[in-house]
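Asker: Supplied in structure tokens, the structure appears directly below.
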Amino acid sequence: MKYLISTLPQLSQALRDARKFQGLNQESTGKLVGLLPKTISALENHPGSVTIDSLLKLLSALDLEMVISPKNTFDNTADSNTNEDW
């Protein structure tokens, strides 16, 4: 599953969907990386109010990664580990 994230609401939805897809609740997700359930909730509901460190910890807990790429180069079929377009 890949998401193109351009807005905070899209980030919220993607994080929530990924957690639920893995059958995790906010408490068990937080325990995986040492975050409180209220931090998981904040990341899912108001991601602009938490630290990047917390976001990266949540991504780790959900076995996700963040890929930064130039606009209009996101391809759902491309290997997300390549950066040949740079």
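The values are calculated or read from the model by the stated rules, or taken from the named source; none is laboratory data. In this text the structure is predicted, and so the values were computed from the model without any measurement. FYI the Cβ positions are ideal-geometry reconstructions off the backbone, even for glycines, and counts take in every protein chain you see. Each accessible area value is taken on the protein alone, full model and side chains, heavy atoms only, with ligands, DNA and RNA left out. Shrake-Rupley method; radii C 1.70, N 1.55, O 1.52, S 1.80 Å.
Asker: Extension gain LYS38-THR7, at 0.36 nm per residue separation less the Cα-Cα distance, in nm? The partial results should precede the final answer.
Answerer: Numbers: separation 31, 0.36 × 31 = 11.16 nm, distance 2.14 nm.
Gain on stretching LYS38 to THR7: 9.0 nm.
Asker: To continue, here is another question. If I model a spin label at LYS71 and LYS20 as a point 7 Å from the Cα along the Cα→Cβ vector, what separation in nanometres do I get?
Answerer: Rounded to a tenth, the inter-label distance reads 3.0 nm.
Asker: Then there is this: Under a 1.4 Å probe, what is the accessible area of the stretch 1-40 per residue, stated in Å²?
Answerer: 66
Asker: With a 1.4 Å probe and all protein chains left in place, how much of the accessible area of the stretch 1-68 comes from carbon and sulfur atoms, in whole percent?
Answerer: Using a 1.4 Å probe with all protein chains present, the stretch 1-68 comes out at 58 percent carbon and sulfur.
Asker: Tell me which lysines have Cα within less than 21 Å of LYS57's Cα, excluding those fewer than 8 residues away on the same chain?
Answerer: LYS2, LYS20, LYS31, LYS38
Asker: Once phi is turned into ³J(HN,Hα) by the Karplus curve 6.51 cos²θ - 1.76 cosθ + 1.60 with θ = phi - 60°, what whole-Hz value does each residue of the stretch 33-41 show in order, with x for glycine and proline?
Answerer: These are the phi-based 3J(HN,Hα) values: 9, x, 10, 6, x, 5, 6, 4, 4 Hz.
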